[in-house]
């Protein structure tokens, strides 16, 4: 995207999925917000914090490098202001 400001919040599916040992997570922000991007296991326990900061409008990509976690289903949650979205991903070792 040529420095265009997104018109809405979005959280894309991670790529690749299933993955091992890392995956890319992309999201878009139409305005400046405090953003958190966290990963949880199926029990709802937080296993990683990928973002926890104020970000300007734009498209962001974060790579999650998995260490010492078992294969299974994980969820990643983006919170930016009033926006919140959760998606599922699968780690295969």
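Sorted largest first, the spans of the alpha carbon positions of the range 10-91 along the three principal axes are 36, 23, 17 Å. Short-range pairs are left out: with C-alpha atoms under 8 Å and at least six residues apart, the relative contact order of the chain is 32 percent.
A short reminder: the numbers here are calculations on the coordinates, not readings from a lab. This structure is a prediction, so every number in the text was calculated from the model and none was measured.
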